[in-house]
Structures are given as C-alpha cells and as structure tokens.
1. From largest to smallest, what semi-axes in whole angstrom does region 160-290 give when each is the square root of 5 times an eigenvalue of its alpha carbon gyration tensor?
2. When the Cα centres of region 208-259 and region 108-142 are compared, how far apart do they sit, in Å?
3. Pairs of Cα atoms under 8 Å, at least six residues apart: use those to get the relative contact order of region 249-348, whole percent.
4. Compute the acute angle (0 to 90°) between the alpha-carbon long axis of helix 159-169 and the principal axis of greatest extent of the alpha-carbon atoms of the chain; round to the nearest 10°.
5. Angle, helix 185-196 long axis vs. longest principal axis of the chain, Cα atoms, 0 to 90°, nearest 10?
6. Between 106, 321, 284, where does the largest GNM mean-square fluctuation fall for the chain, given springs only between Cα atoms within less than 10 Å?
7. Most exposed first by the Cβ proxy, i.e. fewest other Cβ within 10 Å, how do 286, 338 rank?
8. Helix 296-309 versus the longest principal axis of the chain: what is the Cα-based angle in degrees, 0 to 90, to the nearest 10?
C-alpha cells in the first residue's frame, strides 16, 4: 500500500513533525481504516516525553481513532468498506491467557500490544492515529454508530472506556452516591456515565470555577476538595469514588469519604506512589482498587450504550499542525475536555 502520512516525535521531548512511514498490507483478518479523527490523550504526552521510559522513536502517538473502513481482508466478517470503525489502546494480545479468554485483553498476562510505541508479534513497531490510515486485526477493531458525532466519539476509545470499565465492574447503579475526583478528559466522562446510570454524582475539584461546568455535565453537587468543612460533610457517605487525577494529591482525604464496604478506584497514575494510611481501609472495610482501560467486548458495549443514550465527549477540534501547541495547553489543563485532531488537515 502507499506510504502513510503522520506526525511523529523523532526523539524524547522533541516536537512532533510530519513523518512518512509504511503500514503493512492488509492480511486476511485485517481491516484498513482511513482515519478521520484522533483524540489526544494525556498519555500521548507522557510517552512523547518518554516519562514512562522505553520509548520507541520515531513515535506516532494516538489511540483514540475513528474513521471509515476502506478495505477488508478475505476472512473479515464484521466489517465492510464504508463502515465506521474505531481503534482504541490495543491492537493485539496473546489471545490465550486467562484474561484474554475472559475478554479482558488489557490485563493480558504476556502484555497487550499497544496501538503505538510497541512491538507487534512480528517485531514491527506500531504507529498510532496521528496519521491518515491504520491496519488492524478485526478482533481489535470496534464498530462505531453513525448516530453520534464521529469526532466526539473518538475520546470514548480511551477516556470513555477507562471510566466505564471500573464503574461497570463495581456495579455503579441508580440510587448510589458516586464521587468523581477531577474534571478533565477522564473525569468529565465519569460524570456523564455516573449520571446516566442514575447515581447521585458529586464532583471533587480544586478549582471552584469548574462548578458550573460540572453541573452541566451531570454532577448533582460540586465539592472544592481543599475546603475541609465541605469535605467533612461527606464523610463515610459514598458507595463508590473514581479518582481520575494524575497529579500528586491526598488519597487518605478521599478514602475518608467512602462508606463501610464502599470502594475507591484509581484510574490516574501520579508521578510518585502516594502514602496510604492502612487504617483508612481496615476500620471501615473499604476497598481501594485500580483499573486499566477495558477489554474489546466491554469497549464495544460502551460504544453501543453511548449511541443509545447520546453520550459523547466534550471536545475541541484542532488541525494536526497545532498538536505541539495542544500539548503545551494540556500541561496547563487548558482544554474542555479533550482535543481531537481533524486528520483531513494532514493533507494540507
């Protein structure tokens, strides 16, 4: 197939610039997608900066990918040219371990193959969605409904599933009191989902100015977490709290808000491991958990639910040429609430 076009970081901390590279020819089980939009995840920035180590350069980021199917392999059954399709954080896994067998490929015991900055089984390097096309095995390709704005669907492939998966696993439901810590790309989706499930939603933020937006998104209450009196009013009252914050913060203060037998789940990864007072768990039989994206089956379930209930991300569209500027703004939390790249601008 013709050379692919994208934007890549050629070394750690380098700005992204135009890049030409090769995709594999579609095999019998492959789907070739013309990428129309790609969300910009904070983990893209972490990996371009090589903050997690092991970066493979040149690196084409992007794992919130949506577009149109242009070609399918002879044995593909679920897609045809013209269909809308998406690709999330994974493009392969071992497919045989207990987690993969349970449809939880994100916990693959041999490690899933990331959509970018990873080595495929054949040893080739994976390149992500800041590009004009991608070739993916049908088993890791997702169906996208035409009911929703395609650009606003893109962040569901990471920000959406990262919050959906733990709320479904811990059975968040109508009548429960649910806390969401942080109102960013993840947090705004957590608020939307918890509200749609019928929970009483409380948003915790350090920014009083976010109250109006949080309520627009579905929060019933907003608590400024630096206000100790406000925090005390909610002590031991939450069935479930999802903590989406990646910056350093006090987990113990949030744990004190969880009722007996309640759960707090972490989906953000702070730069250093926080200190934890074990008594906060023991004396109320609380659970502290963690969760990573979601499997292919549950991601499809989320996309179908969103299509049925009209749920998408709040986005700001950018041309690919402004990706470095977008990264600078992400560092300042200056986006409501997810940048999405219009890949049509890649041709310009």
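Every number in this text was worked out from the coordinates using simple rules, so none of it is lab data. Since the structure is predicted, the reported quantities are computational estimates derived from the model, not experimental observations. Counting neighbours? That spans all protein chains shown, and the Cβs are built from the backbone with ideal geometry, glycine included.
1. Numbers: eigenvalues 75, 54, 45 Å².
So the equivalent ellipsoid measures 19, 16, 15 Å along its semi-axes.
2. 36 Å
3. 22 percent
4. Once rounded, one gets 50 degrees.
5. The angle comes out near 70 degrees.
6. Comparing 106, 321, 284 in the GNM, the peak value goes to 284.
7. Details: 286 21, 338 29.
Sorted ascending by nearby Cβ count, the order is 286, 338.
8. 70 degrees
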